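Q: My structure is below; once you've seen it, I'll send some questions.
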Amino acid sequence: MHRQRALIRTFGLAAAVVFGAGACGPQHGGAGPAAPSAPVASPSASASASGQDDKPGSPSPSASDSASPSGSPSEAPSRSAAPVVKAVMANGDETDQVRELQARLRQLKLMTSAPTGFYGSKTTAAVKAFQSQHGLDATGAVDEATWRKIQELSRKPTEEELRPPTTNEVAAPDPRCMRGRVMCISKESRTLAWMIDGKVVSSMDVRFGSENTPTREGLFQVEWKAKDWTSTIYHTPMPYSMFFSQGQAVHYSADFAARGYAGASHGCVNVRDKAKLSALFDQVRVGDQVVVYW
């Protein structure tokens with residue numbers, strides 16, 4: 001009997017850990033579109049979804065148009081369809097080309113945030129503004145004409161412009177971050193600094209849980225990692241998850257990349273730069289420290 005009870009307690013604890021591990025997901029404050037939970041659409045698919053691949057059909061001639069006064073059939077006037085311009089980049093795309101687009105838009109003073117590689121609402125608004133300024137169709141999607149004009153008026157971005165250290169200035173590290181291998185996470189500056197023996201190796205912008213589902217503060221350890229993970233509660237992707245406290249994790253958020261600080265997580269530490277987090281994920285080991293502080 002004692003053995004059966006021990007097995008039940010062990011199974012219940014394991015189930016709770018698995019259930020809690022998927023407890024993160026984006027919260028929406030009502031502004032902006034929800035984050036895409038399905039695989040990112042290709043440029044051509046995005047264009048089709050916005051109607052840019054729909055060719056106008058030729059209307060059928062009426063009965064009065066199809067016959068001549070003498071009663072013999074007459075040829076209906078030929079009407080050629082308008083040329084279709086496919087989008088090179090559009091909302092929902094996530095590529096290195098999008099990162100270059102964002103860096104060029106920053107040069108043109110149309111974006112202020114650092115490039116993320118994700119084409120969201122901010123990029124769409126910046127592209128619309130550019131198109132309006134230069135007499136182009138203000139669709140918010142980058143067609144060939146828009147891309148040529150952007151390239152003409154800007155220069156090829158440097159690596160520093162494509163991947164700046166961070167949008168936010170890194171805060172002074174907590175004293176607990178100064179020894180060993182630590183993800184040092186400041187709620188005040190909204191940054192994550194990866195530190196080894198007191199030296200900042202890399203840094204990136206982060207966001208946190210809402211008032212109702214706050215990110216826990218304190219000293220933790222990386223408990224386990226999952227490169228491809230989906231929340232078991234909210235069913236949203238959580239790539240490059242590094243779990244540190246009862247289901248709370250550092251992970252990439254497409255919603256954060258798209259909407260910035262207009263949203264929040266359900267307690268996790270969201271990162272919006274996927275490339276930076278991918279590199280960090282490869283460096284962090286299970287057992288490394290995590291410090292979350294103000």
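The numbers here are math on the coordinates, done by the rules we state, and not lab data. A quick note: this is a predicted structure, and the numbers were derived from the prediction, not measured. Every residue, glycine as well, gets a Cβ built from its backbone with ideal geometry; the counts of neighbours run over all protein chains shown.
Q: Give a residue-ordered list of calculated ³J(HN,Hα) values for region 103-109 (Karplus: 6.51 cos²θ - 1.76 cosθ + 1.60, θ = phi - 60°; whole Hz; x for Gly, Pro).
A: 5, 5, 5, 5, 4, 7, 6
Q: Length gain on complete extension for the stretch His235 to Asp137, per 0.36 nm per residue less the alpha carbon to alpha carbon distance?
A: On the way: separation 98, 0.36 × 98 = 35.28 nm, distance 3.68 nm.
Fully extending the segment from His235 to Asp137 adds 31.6 nm.
Q: I would also like to ask the following. Only four residue types carry charge here, +1 at the Cβ of Lys and Arg and -1 at the Cβ of Asp and Glu. Report the dipole size of region 86-164 about the Cα centre in Debye, rounded to the nearest 20.
A: The calculated dipole for region 86-164 is roughly 240 debye.
Q: Can you give me the long-range amide H partners of Val206? Hydrogens built in the peptide plane at 1.01 Å from N, cutoff under 5 Å, separation of 5 or more residues or another chain.
A: Close amide H contacts, sequence-distant or interchain: Thr191, Leu192.
Q: Which far-off residues, 5 or more places away or on another chain, put their amide H under 5 Å from the one on Asp93, with H placed in the peptide plane?
A: So Asp93 has HN proximity to Tyr119.
Q: Still on this structure, I have one more. Using a simple charge model, +1 on the beta-carbon of Lys and Arg, -1 on the beta-carbon of Asp and Glu, nothing else, what dipole does region 143-284 show about its Cα centre, in debye to the nearest 20?
A: Roughly 160 debye, rounded to the nearest 20.
Q: Would you grab the residues whose amide H sits under 5 Å from the one on Lys187? Only those 5+ places off in sequence or on another chain, please, with H modelled 1.01 Å from N.
A: Those lying under 5 Å, H to H, from Lys187 are Tyr293, Trp294.
Q: Decide, for region 165-293, between rounded, prolate and oblate: order the square roots of the alpha carbon gyration tensor eigenvalues as a ≥ b ≥ c, take rounded if a/c falls under 1.5, and otherwise choose prolate if a/b is larger than b/c, else oblate.
A: Note, shape of region 165-293 comes out rounded.
Q: Hey, got a sec? Which trypsin sites (Lys or Arg not before Pro) in region 117-203 land in a DSSP loop and have at most 13 other Cβ atoms within 10 Å?
A: Arg155, Arg179
Q: Quick one: 3J(HN,Hα) in Hz for region 209-219, Karplus 6.51/-1.76/1.60 with θ = phi - 60°, rounded, Gly and Pro as x.
A: These are the phi-based 3J(HN,Hα) values: x, 7, 4, 7, 10, x, 6, 5, 9, x, 9 Hz.
Q: Evaluate region 86-164: find the radius of gyration of its Cα atoms, find its Kirkwood radius, and give the ratio Rg to Rh.
A: 0.91
Q: Further question: Once you sort the root eigenvalues of the Cα gyration tensor of region 106-150 as a ≥ b ≥ c, which label holds: rounded (a/c under 1.5), prolate (a/b larger than b/c) or oblate (the other case)?
A: In terms of gyration-tensor shape, prolate.
Q: Something else: With N denoting the number of residues in region 235-294, provide Rg(C-alpha) divided by 2.2 N^0.38 Å, to two decimal places. All intermediate terms of the calculation are to be shown ahead of the outcome.
A: Numbers: Rg = 11.5 Å, N = 60, 2.2 N^0.38 = 10.4 Å.
So the Cα radius of gyration is 1.10 times the expected 2.2 N^0.38 Å.
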